[in-house]
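The values are calculated or read from the model by the stated rules, or taken from the named source; none is laboratory data. Nothing here was measured: the structure is a model prediction, and the numbers come from that model. Every residue, glycine among them, receives a Cβ derived from its backbone with ideal geometry; neighbour counts consider all protein chains shown. The accessibility values were calculated without ligands, DNA or RNA, using every heavy atom of the protein model including side chains. Shrake-Rupley method; radii C 1.70, N 1.55, O 1.52, S 1.80 Å.
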Amino acid sequence: MNQTVVLIHGYGFDRRIWSPLEIAFDRFRVVHLSLPGFGSSPEPEPYTIQSLASQYWFQLDTDGVDNIHLVGHSMGGYVCMEMAAQHPDRVLSLALVHSHVFADTEEKKLQRSETMLRIAKEGREFLVRKMIPSLFADPSGLRPLIEVLVDRGMEYDDTAWLYGAQAMRDRKDHAETLKNLEAPVLLIMGEKDNAVPLELAYRQAGISAQTKLHIYQEIGHMAMYENTSRLIVDLLTFYAAL
């Protein structure tokens with residue numbers, strides 16, 4: 001059987017964001033893991049990044065999956081880092097797409113708490129309509145695509161948005177996890193990413209000698225849509241060198 005790649009999507013999306021990149025994982029058995037409440041996963045109870053990573057490892061064990069290549073977008077990358085912390089010996093490679101290894105700053109935690117309170121009071125619509133367009137460097141040129149993503153975002157219950165924000169707010173820092181990880185690491189970052197500033201991209205790239213950093217010019221937080229072909233090529237190149 002081919003080696004297994006595990007794909008974990010980001011906050012506010014589901015497994016379909018990986019569809020444009022399908023050819024990049026052609027050599028692998030592909031396993032999709034869904035964040036609670038997003039996509040096909042059931043309505044969630046409150047959870048932590050740590051508990052979710054443990055749940056994912058249990059699921060992989062149940063399915064007979066041993067060592068894996070991890071790929072995470074945004075919040076999915078946070079889960080990947082916790083999975084790597086829990087079982088570093090089982091991670092063959094790690095690709096973080098518009099994600100980072102650091103805990104939230106106090107300012108960011110406050111922002112997430114305010115977002116959670118507003119979701120609880122008003123529902124998810126304000127967040128969906130504000131957040132998703134902001135993830136693109138040039139949303140004006142991608143309006144039809146963004147409208148579809150907004151419609152999908154509205155399909156997920158308020159609890160998915162609320163508990164996801166809470167889990168991100170309370171996650172641990174994983175700079176040491178990255179430093180100690182022996183597996184090759186690919187970092188894909190956007191020059192105009194409002195969610196993961198370039199300062200964080202460069203900062204985490206210096207943590208491990210195993211790390212390969214790509215900065216995409218004129219790209220925001222959604223390279224799978226903003227520069228699909230380059231992301232495919234960079235993933236294929238990364239895996240070919242393993």
Next on the checklist: Using protein chains only and a probe of 1.4 angstrom, how many square angstrom of Asp66 are accessible, to the nearest 10?
Outcome noted: 90 Å²
Checklist entry - Given Leu200, Leu110, Pro36, which one lies farthest toward the positive end of the charge dipole of the chain, if we put +1 on the Cβ of every Lys and Arg and -1 on the Cβ of every Asp and Glu? => result Leu200
Item to check | For region 179-240 and region 117-134, distance of Cα centres in Å | outcome: 27 Å
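State to the nearest 20 debye the size of the charge dipole of region 44-158 about its Cα centre, where the only charges are +1 on K and R beta carbons and -1 on D and E beta carbons.
Using only the charged Cβ atoms, the result is roughly 380 debye.
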Checklist entry - Which value in nm describes the separation of the simple spin-label points at Glu176 and Leu145, placed 7 Å from the Cα toward the beta carbon? => result 4.0 nm
Checklist entry - Taking amide hydrogens as modeled 1.01 Å from N in the peptide plane, which residues meet the under 5 Å criterion relative to Gln3, leaving out close sequence neighbours? => result Arg29
Checklist outcome for this item: Expected sort for 2-8, 229-235, 79-85 on mean C-beta neighbours within 10 Å, highest first, is 79-85, 2-8, 229-235
Checklist entry - From a point 7 Å beyond the Cα of Asp158 in the direction of its Cβ, which residues of region 122-144 have a backbone N at a distance under 16 Å? => result 122-129
Checklist entry - Could you give the nm distance between label points at Lys108 and Asp138, where each point is 7 Å from its Cα heading toward the beta carbon? => result 2.8 nm
Checklist outcome for this item: Taking a ≥ b ≥ c as the square roots of the eigenvalues of the Cα gyration tensor, with a/c under 1.5 meaning rounded and otherwise prolate when a/b exceeds b/c and oblate if not, region 53-206 is prolate
Next on the checklist: Restricting to lysines 8 or more places apart or on different chains, can you count the pairs in the chain with Cα atoms under 24 Å from each other?
Outcome noted: 14
Next on the checklist: If you take every residue apart from Trp57 with its C-beta less than 13 Å away from the C-beta of Trp57, what net charge results, scoring Lys and Arg +1 and Asp and Glu -1?
Outcome noted: -4
Checklist outcome for this item: The simple spin-label model distance between Glu122 and Arg27, using points 7 Å out along Cα→Cβ, in nm, is 4.8 nm
